[in-house]
Amino acid sequence: MLNIMSLKNKKASAAAAGESAKKSKTTPAALRLQKDISDLKDLPSTMKLSFPNPDDLFNFTLTITPDEGFYKGGVFVFTFKVNPNYPHDAPKVLCTQKIYHPNIDLEGNVCLNILREDWKPVLNINSVMVGLQYLFLEPNAEDPLNKVAAEVLRSNRKQFEQNVNRTLRGGAVDGITFDNVIKN
Amino acid sequence: MSHHDWPDRWKDLYTYLERPGPFENDGFEPGDAVKDFLHSCKILVIGAGGLGCELLKDLALSGFRDIHVIDMDTIDVSNLNRQFLFRHKDVGKPKAIVAAEFVMNRVPGVTVTPYFGKIQDKDEEYYKQFSIIICGLDSVEARRWANATIVGMFDEGDPETLKPIIDGGTEGFKGQSRVILPRISACYECSLDMQTKPTTFPMCTIANTPRLPEHCIEWASSVAWPKAFPDKKIDGDDPDHIKWLLNTALDRGREFNITGITYTLTQGVVKNIIPAIASTNAIVAASCANEAFKIATNCTTYMCNYMMYVGDDSVYTYTFELQRKDECPVCGSAQIKLRIDPEKTLSELLDMLLDTQEVQLKAPSLRTAAKSLFMQAPPMLLEMTRPNLDRKIRDLVAPGEEITITDANIPISLQLTLEFI
C-alpha cells in the first residue's frame with residue numbers, strides 16, 4: 001500500500017529543509033512579491049515606491065523623477081496592481097497623469113514589452129521599474145501608443161523636445177492639454 | 001470483499017496485487033492488505049470537467065471506492081461533447097454533484113462524495129483526510145493554490161501529512177501529467193517558468209496597427225470597455241457583455257479592413273478559451289489514474305516525475321524528471337520554529353533571528369499573511385513598519401501564525417512559526 005517511508009527514503013536529503021510545516025495562508029504570489037519588494041533596498045534616487053496600505057503589497061505606486069533626457073524635471077506617478085497569479089501574470093501598470101509620450105497614451109496605458117508580450121515569471125517588480133525609467137530616457141518612436149508624439153520624435157527631435165517641455169508644465173499640444181508634472 | 005463484488009470482479013487488478021514482481025516498488029507487500037487499502041483509501045479529484053469526468057470513471061473502475069470530488073462550476077451545454085457524465089437535462093446543475101451521482105449509479109460499491117464550491121473554501125483539515133490528491137484543473141492559479149496548500153501541509157515530523165499530488169493538464173492536442181511528492185520532488189511552483197502563457201499582443205499593435213481579428217477584440221476588451229464602463233469587469237459568460245465587445249470589435253475591424261470577427265471568437269479571446277479535445281483528456285486522465293493506482297498500491301514504480309504528451313503529429317510522449325528549484329517560494333522555503341516569550345518585542349525577535357545559526361540572515365523582512373510586520377525595503381515601508389519594532393510579539397502575531405521571512409542575502413524565503421512560552 002501507499003508507503004510513505006519508501007517515498008521518503010528515495011531522497012532522504014530532502015528532509016534537510018527543516019522542521020514542521022504549519023498552516024500557510026500566505027499565497028504563492030504573496031511569497032514571491034514579498035521577496036521582490038523587500039529586495040528593493042538600493043533604489044536609485046530617481047525612483048520611489050509608496051504603499052497606501054503597508055499591509056497590502058499588491059497595490060502600490062512608483063514615482064519616477066528622471067535626472068536626464070527629455071523628461072528631466074518631471075515627476076511621473078505609476079500605479080502597480082499585482083494580481084494573485086503573479087508572477088505568471090505581469091503586474092498591471094498605469095500612468096496616473098496625462099503626459100505627452102510616444103509610448104504612453106492619454107489614458108495612461110503604457111507600451112512596454114515586458115508588461116505584455118515579453119513578460120516572463122523570472123522578471124520581477126524591479127525589472128518593470130527599470131523598464132519604465134528607460135522609457136523616459138529613451139522614448140521609442142518605433143512602437144508608438146501616442147502616434148502623433150512618435151511622429152514628431154521621429155521627424156523633428158527639436159520640436160519634440162519643445163513639446164515635451166511645454167506639456168510637462170501643463171501646456172497644450174495640438175489642442176490637447178496635459179497635466180503639469182513639474183517638480184515643485 | 002464487499003457485497004458489491006461479484007466473482008473475479010477485480011481479477012485483472014489482483015494479478016498485480018497478489019504476487020511479487022521484478023518491478024515492484026520498495027516496500028511492496030502483495031496480499032489482502034494492499035487490496036483493502038486500494039478499496040478503502042480516500043482519494044480526492046479536484047475538478048469535475050473534461051479531465052475530472054475521465055478521472056472519476058477511471059478511478060472507480062480501478063478499484064478506488066472512496067472518491068471525493070470538488071468543482072465550483074455548473075454544467076454548460078458546450079461541455080456535453082466530452083464531459084460524458086453529463087446529459088442535456090443536467091445543464092445548469094453543479095458538475096461535482098451530477099458527476100458523483102452518475103458514477104455511483106454506474107459503478108456498484110463506489111462512494112463519490114461531491115463538494116460544489118471552491119477549493120479555497122476548504123482548509124487543511126479537509127485536505128489532510130486524503131491519501132492522494134489528483135488535480136484536473138484548467139487554471140494556473142487554482143493549481144498554484146492547490147500545490148502551495150498541499151506542499152505547505154507537509155510536516156517532516158509526521159509522514160502521514162505527505163500527500164502525493166498528481167496533476168493533469170491538457171491544451172488542444174497536447175497534455176501533461178506529473179507526480180509531485182511535496183518537498184521530495186519538484187512542485188508545481190518549481191516549474192512555473194515552464195508554463196505557456198496566454199497569448200498577448202503588444203499594446204501598440206492593439207492601439208495602432210491591428211492586423212488580426214483578435215487584435216480588434218483585444219482592443220474592444222482592454223481599451224474600449226474600460227473607457228465605456230470604468231467600474232464594470234467583463235463577464236465572459238454574460239451574452240450582453242460579449243455582444244457589446246463583438247459590435248465594438250466589428251466597428252474597429254471595419255476601420256482597418258479586418259474580417260473574421262465572430263461571437264464565438266470574441267468569447268474565445270475574452271475568456272482565453274483553449275480548444276478541448278476529448279481524446280487528449282482521456283489519455284492524460286488515464287495516465288493520472290495509472291499513477292494513482294501505482295502510488296496507492298506500490299505494486300510497480302511510478303512516474304518520475306513529468307510526462308509530456310503531444311498528439312498533433314501521431315502520438316509522442318516523453319517522460320523526464322523535473323528538478324526541484326532551490327529558491328522555489330513554495331517548497332524551497334525552509335521552516336524554522338522559535339520559542340519566544342510573547343511579551344518580548346519584535347526587535348528582540350529580530351535579534352534572535354540574526355543569531356540563528358541554521359540560516360545566515362542579515363536583513364530580514366517579516367510578514368504574516370495579512371500584515372507587514374517589518375519590511376527592510378523600500379524606504380517607505382521601512383519607515384511605516386519601524387514602529388512595530390517596539391511592539392510586543394503578542395500584539396502582532398497569533399500563536400502558531402506563520403510568518404514569512406525574506407532577506408536580500410538569501411535566495412529563498414523562510415517560514416517561521418513562533419511557540420509562545
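The values are calculated or read from the model by the stated rules, or taken from the named source; none is laboratory data. This one's a predicted model, so the numbers in the text were calculated from it and none came from an experiment. Cβ coordinates were reconstructed from backbone atoms using ideal geometry, including for glycine residues, and neighbour counts include every protein chain displayed. Side chains are part of the model used for accessible areas, which takes the heavy atoms of the whole protein and leaves out ligands, DNA and RNA. Shrake-Rupley method; radii C 1.70, N 1.55, O 1.52, S 1.80 Å.
Taking B:F64, is it more than 20 Å from B:Y126 (Cβ to Cβ), assigned by TED's automatic domain parsing to the domain that holds B:G168 and not basic (K, R)? No; evaluated as a whole, the condition is false for this residue. It is to be established whether one or more residues within the stretch B:101-121 are closer than 26 Å to B:K271 by Cβ and touching a Gly at 6+ places or on another chain (Cβ under 8 Å). Taking every residue of the stretch B:101-121 in turn, none turns out to be closer than 26 Å to B:K271 by Cβ and touching a Gly at 6+ places or on another chain (Cβ under 8 Å).
Scanning the stretch A:132-153 for residues that are within 13 Å of another protein chain (Cβ to nearest Cβ) and open to solvent by less than 40 Å² (accessible area, probe 1.4 Å) yields A:L135, A:P139, A:A141, A:P144, A:L145, A:N146, A:A149, A:A150.
Candidates are the residues of the stretch B:272-299 that are open to solvent by 40 Å² or more (accessible area, probe 1.4 Å) and under 30 Å from B:E18 (Cα atoms); the one that is farthest from the other protein chains (Cβ to nearest Cβ) is B:I283. Residues in the stretch B:221-240 include none that are more than 10 Å from chain A (Cβ to nearest Cβ), of a type outside the set (A, V, I, L, M, F, W, C) and touching a Ser or Thr at 6+ places or on another chain (Cβ under 6 Å). With respect to the conditions (1) open to solvent by 60 Å² or more (accessible area, probe 1.4 Å); (2) under 29 Å from B:T196 (Cβ atoms), A:Q159 lacks only one, and its number is (2).
Among the residues of the stretch B:196-218 satisfying the criterion of being more than 28 Å from B:T170 (Cα to Cα) and open to solvent by 60 Å² or more (accessible area, probe 1.4 Å), which is farthest from the chain's Cα centre (by Cα)? My answer is B:T209. With the structure loaded, tell me whether B:P378 is modelled with pLDDT of 90 or more and touching a helix residue (DSSP H, G or I) at 6+ places or on another chain (Cβ under 9 Å) or whether it fails that test. Taking the combined requirement at face value, the residue satisfies it. Restricting the stretch A:38-56 to residues that are assigned to a loop (DSSP other than H, G, I, E, B) and more than 7 Å from chain B (Cβ to nearest Cβ), the residue that is nearest to B:I412 (Cα to Cα) is A:D42.
For the stretch B:300-314, the set of residues classified as more than 14 Å from chain A (Cβ to nearest Cβ) and crowded, with 19+ Cβ neighbours inside 10 Å consists of B:Y306, B:M307, B:Y309, listed by residue number.
Taking B:V69 as the residue in question, decide whether it is open to solvent by less than 70 Å² (accessible area, probe 1.4 Å) and touching a residue at least 60 places away in the same chain (Cβ under 8 Å). Working first, answer last.
Working: open to solvent by less than 70 Å² (accessible area, probe 1.4 Å): yes; touching a residue at least 60 places away in the same chain (Cβ under 8 Å): no.
When the stated conditions are applied, B:V69 does not pass them.
Where helices (runs of 4 or more DSSP H) fall wholly inside the stretch B:316-410, the ranges with 1 or more residues that are within 8 Å of chain A (Cβ to nearest Cβ) and open to solvent by less than 40 Å² (accessible area, probe 1.4 Å) are B:379-385.
Residues checked against (1) of a type in the set (S, T, N, Q); (2) touching a residue at least 40 places away in the same chain (Cβ under 8 Å); (3) closer than 13 Å to B:V110 by Cβ:
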residue	(1), (2), (3)
B:D5	no, yes, yes
B:D8	no, no, no
B:Y16	no, yes, no
B:E24	no, yes, no
B:A33	no, no, no
B:F37	no, yes, no
B:S40	yes, no, yes
B:L44	no, yes, no
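With respect to the conditions (1) in contact with a helix residue (DSSP H, G or I) (Cβ under 8 Å, 6 or more places away or on another chain); (2) within 10 Å of chain A (Cβ to nearest Cβ), B:S185 lacks only one, and its number is (1).
Restricting to the stretch B:26-48, name every residue that is open to solvent by 10 Å² or more (accessible area, probe 1.4 Å) and either among the hydrophobic types (A, V, I, L, M, F, W, C) or closer than 30 Å to B:I273 by Cβ (or both). Scanning the stretch B:26-48 gives B:F28, B:A33, B:F37. For the stretch B:86-116, a tally of residues being closer than 14 Å to B:L44 by Cα and part of a loop (DSSP other than H, G, I, E, B) returns 1. Looking only at residues in the stretch B:146-177 that are under 24 Å from B:A285 (Cβ atoms), among the charged types (D, E, K, R) and assigned to a strand (DSSP E or B), the one that is nearest to the chain's Cα centre (by Cα) is B:D167.
Of the residues making up the stretch B:137-162, those that are open to solvent by less than 10 Å² (accessible area, probe 1.4 Å) and either in contact with a Leu (Cβ under 9 Å, 6 or more places away or on another chain) or among the charged types (D, E, K, R) (or both) are B:R144, B:A146, B:M153, B:F154, B:L162.
The condition (being within 21 Å of B:I274 (Cβ to Cβ) and touching a strand residue (DSSP E or B) at 6+ places or on another chain (Cβ under 9 Å)) is satisfied by just one residue among B:K174, B:K197: B:K174. Only one of the numbered conditions (1) out of contact with any helix residue (DSSP H, G or I) (no Cβ under 7 Å at 6 or more places or on another chain); (2) at pLDDT below 90; (3) not in a strand (DSSP E or B) is violated by B:K294, and that is (2).
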